[in-house]
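J.: Below is the structure I would like to discuss, written out as structure tokens.
Every number in this text was worked out from the coordinates using simple rules, so none of it is lab data. Quick caveat, the model's predicted, so the values are computed rather than measured. FYI the Cβ positions are ideal-geometry reconstructions off the backbone, even for glycines, and counts take in every protein chain you see.
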Amino acid sequence: MTSATAKPKVCNPLTLGIAAAIGALAADQGSKLALLYGFGFAANPETRVPVTAFFDLVMVWNHGISYGLFQADGWMGTLALTVFSLAAMAALGWWLLRAERAILGLGLGLIIGGAIGNVIDRVRYGAVADFFYFHALGRGWYVFNIADAAITIGVLALLADAFSASDEAGPTREPDNRNE
């Protein structure tokens, strides 16, 4: 029998994390296939498709990690980034198995799904396919993909979880009751 004051269980963090990983991976790989072969970026990487005044679809092969950090040209660099990504995914997967809060499971799942999507690109193409380019007032931002966005949102979810978990913990020391 359940108590009227018991908190309802929103979602199992592991289940949410696995669903987020699968969703991020499917969205990432589906968008890449559509853009590479549907829009013709694979055949003509110089293609630029203006979508709005501040957003274009372009083709950039990223030899680094998310948002072009740590560029690694050559097969040794690609192998090193792939091994690093696999190790990080294993550690995050272990953390996901022990997650106790939904937002933590969601964040870990998004990071894992995004990392898998980018590893698939590195193995398949030797680099990560990036397409989304935001720009305004003569300035542009990084060209990125859905995997990069999932990783970024996942990190933000981890930060939100860290702050909410510290709020739930309450005071870290006992109150001073000497004046009672």
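J.: Treating the beta-carbon of each Lys and Arg as +1 and of each Asp and Glu as -1, no other charges, what is the dipole magnitude of the range 17-168 about its Cα centre, to the nearest 20 debye?
T.: In total the dipole reaches around 240 debye.
J.: Ratio to report: Rg/Rh of the range 17-168, with Cα atoms as the point set and Rh obtained by the Kirkwood method; give two decimals. Mind dumping the intermediate values first?
T.: Details: Rg = 16.2 Å, Rh = 16.1 Å.
In the range 17-168, Rg relative to Rh is 1.01.
J.: Would you please put 116-128, 77-89, 47-59 in order of how densely packed they are, using the mean number of other Cβ atoms within 10 angstrom per residue and starting with the highest?
T.: For the peptides 116-128, 77-89, 47-59, the packing ranking is 116-128, 77-89, 47-59.
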